[in-house]
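Shown next, in structure tokens, is the structure this report addresses.
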Amino acid sequence: MPSASVQEFLHDLLQQLGPACLKTDPSLISGHLVDWRGRYQGRASAVLFPDSTQQVAQMVRLASKHRVGLVPQGGNTGLTGASVPDDSGEQLVLSLSRLQAIRAVDQANKTMTLEAGVTLAKAQEQAEALGLLFPLTLPSRGSATIGGNLATNCGGTAVLRYGNARALCLGLEVVTASGDIWSGLRGLRKDNTGYDLRDLFIGSEGTLGVITAAVLALSPRPAALMTALAKVSSVESAVGLLGLAQSKAAAQLTGFELMTWSSLDLVSQYFPALAQPIKGMGSADLVLLEISSPSGEAEAVALLEDILSRALEAKLVEDALVAQSIQQAQTFWDIRDHITLASSEDGHQIKHDIGLPISCIPEFMTAMRQELQDLLPGVRIINFGHIGDGNLHYNVACPVRPESWADRGQRQKACADFMHAHEDEIHRRVHDRVVSLGGSISAEHGLGVMRRDEAAYYKGPVEIGLMRAIKISLDPLNILNPGKVVLV
Ligand code: 2HG
Ligand code: ZN
């Protein structure tokens with residue numbers, strides 16, 4: 001039974017906005033109370049579905065009146081538990097899924113103004129219809145929403161060239177914790193008029209305000225994108241290949257992803273048809289390179305071939321496969337995009353989303369592998385990601401190989417047991433080393449609840465004190481996503 005304040009809130013809400021603005025049926029809301037990995041299970045008596053910014057504002061005003069915590073939610077594709085309620089049963093989910101409008105497009109200014117619930121895939125399609133590119137991209141683009149992308153300042157596979165979500169947003173509309181609407185939907189590339197409120201809300205994970213709409217910056221659309229897979233014998237070679245590719249292709253290098261053998265092996269096991277193209281490459285670590293060309297496919301292929309032949313000569317690369325068609329180029333991305341899905345098929349892993357100076361990555365990987373193998377012999381390190389911008393998903397999985405469990409349930413249980421038994425210690429060891437090398441414990445996924453306490457530990461009192469001061473001044477009643485990012 002929810003507390004009196006939640007019941008009064010729901011009563012007032014129904015009076016003001018009618019029954020279409022919320023759902024309470026457990027079978028209809030259960031998917032909103034747990035993250036997609038099944039790692040964070042919360043409780044809530046209702047999920048709110050506003051259909052406009054004004055309704056969001058009304059809901060926040062009521063929440064403030066009754067002191068009820070609201071958890072803003074987009075596509076619920078995050079990895080840190082930021083978009084699900086806690087297990088008190090006292091918070092309510094605020095889904096932005098009905099805010100679906102494309103409010104404006106400006107072809108000459110290369111911008112579009114979208115509401116928060118538009119999916120990333122739809123935003124990409126809308127830009128394409130304008131003959132332009134919205135370059136933000138991630139494996140979960142079909143469900144992830146623009147509001148969630150900005151609230152978490154997500155990264156993805158094109159950060160190397162175009163920057164993360166923050167770099168692609170020019171303006172915001174935000175409902176503040178007091179229920180006011182800040183209309184900051186400016187389409188300006190230069191606006192130096194005091195504190196940057198937009199940048200404060202981006203990446204705040206719904207703890208400072210609710211993003212309801214955004215002006216997104218678009219780019220010219222390349223005439224062609226081409227990809228290649230390069231077999232590297234060490235991470236030093238991958239870093240060397242990055243330097244070579246950047247010197248030859250400069251801004252035309254738009255993707256550079258590391259896929260170590262252990263992560264490719266999971267894709268081969270759980271999505272064997274997808275992994276066909278890499279069958280001949282042996283048990284090797286691969287780099288996926290993407291080149292964009294303003295003139296066409298032939299130029300992109302020529303540039304890729306030039307980079308790869310120089311890399312073969314310099315012994316940075318042992319073998320390479322250049323996509324022979326746009327379709328094949330896409331199949332290489334499909335392999336990359338299925339690593340996370342294959343990982344969750346396998347079972348829970350101890351996940352990391354580390355950012356390092358690129359120069360430190362080889363040292364980190366050698367020393368970390370040794371440390372983890374000494375600690376837990378046979379442990380599997382499922383390491384992959386955006387090495388081109390220094391962000392790796394350094395995930396750790398239980399030592400026993402999955403084929404030894406024919407039964408999916410048993411395998412999943414063993415992986416979950418491993419995770420619960422070793423998670424704290426492995427996080428601490430990985431993050432101590434990352435921080436000692438000047439790195440970050442969350443390069444693109446954010447803090448949510450998963451990294452909140454670790455962030456407090458590594459950031460120290462001054463930085464956390466400043467974050468807390470911001471939270472308290474913008475949300476003094478702690479209504480917005482309470483318990484996420486920083487405790488007050
Ligand atoms: C990716 O790059 C995502 O595919 C997910 O950030 C990373 O599964 C992960 O650890
Ligand atoms: Zn990633």
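The values are calculated or read from the model by the stated rules, or taken from the named source; none is laboratory data. Predicted model, so just to flag it, every value in this text is computed and none were measured. A quick note on method: Cβ atoms are made from the backbone with ideal geometry, for glycine too, and the neighbour counts reach across all protein chains shown. Note: accessible area is taken over every heavy atom of the protein model, side chains too, but ligands, DNA and RNA are not part of it. Shrake-Rupley method; radii C 1.70, N 1.55, O 1.52, S 1.80 Å.
Here Lys413 meets each of (1) assigned to a helix (DSSP H, G or I); (2) crowded, with 18+ Cβ neighbours inside 10 Å; (3) not hydrophobic (A, V, I, L, M, F, W, C) with one exception, condition (2).
The rows are residues; the columns are (1) acidic (Asp, Glu); (2) open to solvent by less than 10 Å² (accessible area, probe 1.4 Å).
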site: Gln58; (1), (2): no, no
site: Ala63; (1), (2): no, yes
site: Pro72; (1), (2): no, no
site: Gly81; (1), (2): no, yes
site: Asp106; (1), (2): yes, no
site: Lys122; (1), (2): no, no
site: Gln126; (1), (2): no, no
site: Leu133; (1), (2): no, no
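In region 375-406, of all residues being in contact (Cβ under 8 Å) with a residue 60 or more places away in the chain and touching a His at 6+ places or on another chain (Cβ under 6 Å), the one that is nearest to ligand 2 (Cβ to nearest atom) corresponds to Gly385. The residues on offer are Ser262, Ser237, Ser247, Ser233, and the sole one that is more than 20 Å from Ala323 (Cα to Cα), small (Gly, Ala, Ser) and at pLDDT below 95 is Ser233. Of all residues in region 130-145, those satisfying the criterion of being free of Cβ contacts under 8 Å to residues at least 24 places away in the same chain and under 11 Å from the mean Cα position of the chain (by Cα) are Thr137, Leu138, Arg141. One residue stands out among those in region 416-428 that are open to solvent by less than 70 Å² (accessible area, probe 1.4 Å) and of a type in the set (A, V, I, L, M): the one that is farthest from ligand 1 (Cβ to nearest atom), which is Ala416. Within region 99-137, being more than 16 Å from ligand 2 (Cβ to nearest atom) and of a type in the set (Ser, Thr, Tyr) holds for Thr111, Thr113, Thr119.
Let's see how each residue does on (1) more than 23 Å from Ser233 (Cα to Cα); (2) more than 11 Å from ligand 1 (Cβ to nearest atom); (3) open to solvent by 10 Å² or more (accessible area, probe 1.4 Å); (4) under 25 Å from the mean Cα position of the chain (by Cα):
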position	(1), (2), (3), (4)
Leu356	no, yes, yes, yes
Glu363	no, yes, yes, no
Leu375	yes, yes, yes, no
Gly378	no, yes, yes, no
Gly390	no, yes, no, yes
Tyr394	no, no, no, yes
Val400	yes, yes, yes, no
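Test Ser309 against the stated conditions and say whether it is under 19 Å from Leu241 (Cβ atoms) and without any contact (Cβ under 8 Å) to a residue 12 or more places away in the chain. Yes; evaluated as a whole, the condition is true for this residue. When each of Val232, Val175 is tested for being surrounded by 21 or more Cβ atoms within 10 Å (Cβ to Cβ), touching a Gly at 6+ places or on another chain (Cβ under 7 Å) and of a type in the set (Val, Ile, Thr), the lone residue that passes is Val175. Does Ala342 meet the test of being touching a residue at least 60 places away in the same chain (Cβ under 8 Å) and more than 22 Å from Lys413 (Cα to Cα)? In short, no. Being away from ligand 2 (no atom under 16 Å from the Cβ), under 22 Å from Leu133 (Cβ atoms) and among the aliphatic types (A, V, I, L, M) is the requirement here; does Ala314 meet it? So Ala314 fails the test.
Restricting to region 261-306, name every residue that is small (Gly, Ala, Ser), out of contact with any helix residue (DSSP H, G or I) (no Cβ under 7 Å at 6 or more places or on another chain) and under 21 Å from Ala249 (Cβ atoms). Residues satisfying the conditions are Ser295, Gly296, Ala298, Ala300, Ala302. Checked against (1) within 30 Å of Asp432 (Cβ to Cβ); (2) touching a Pro at 6+ places or on another chain (Cβ under 7 Å), Leu356 meets all criteria but (2). Which residues, taken from region 470-482, are surrounded by fewer than 20 Cβ atoms within 10 Å (Cβ to Cβ) and outside any helix (DSSP H, G or I)? Listed by number, the residues that qualify are Pro476, Leu477, Asn478. Within this structure, Ser247 fails the test of being surrounded by 15 or more Cβ atoms within 10 Å (Cβ to Cβ), among the small types (Gly, Ala, Ser) and not in a loop (DSSP other than H, G, I, E, B). Are any of the residues in region 258-272 farther than 20 Å from Ala238 by Cα, more than 23 Å from the chain's Cα centre (by Cα) and not in a helix (DSSP H, G or I)? The answer is yes, given that some residue of region 258-272 is farther than 20 Å from Ala238 by Cα, more than 23 Å from the chain's Cα centre (by Cα) and not in a helix (DSSP H, G or I).
Only one of the listed residues (Cys415, Cys398) is hydrophobic (A, V, I, L, M, F, W, C), modelled with pLDDT under 95, farther than 25 Å from Leu138 by Cβ and touching a helix residue (DSSP H, G or I) at 6+ places or on another chain (Cβ under 7 Å). That residue is Cys398.
Listed here are the residues, each with its yes/no results for (1) in contact with a Gly (Cβ under 6 Å, 6 or more places away or on another chain); (2) of a type in the set (Val, Ile, Thr).
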| residue | (1), (2) |
| --- | --- |
| Gln107 | no, no |
| Thr119 | no, yes |
| Gln126 | no, no |
| Gly131 | no, no |
| Phe134 | no, no |
| Leu138 | yes, no |
| Ala144 | yes, no |
| Asn153 | yes, no |
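Taken over region 431-469, the criterion of being of a type in the set (Gly, Ala, Ser) and open to solvent by 30 Å² or more (accessible area, probe 1.4 Å) is satisfied by Ser436, Gly438, Ser440, Ala443, Ala456, Gly465, Ala469.
In summary, helices (runs of 4 or more DSSP H) completely within region 138-216 and bearing 1 or more residues that are within 16 Å of ligand 2 (Cβ to nearest atom) and modelled with pLDDT of 95 or more occur at 146-151, 159-162. Selection of region 121-159 for residues being within 13 Å of ligand 1 (Cβ to nearest atom) and within 22 Å of Glu290 (Cα to Cα) yields Leu136, Thr137, Leu138, Pro139, Ser140, Arg141, Cys154, Gly155, Gly156, Thr157, Ala158, Val159.
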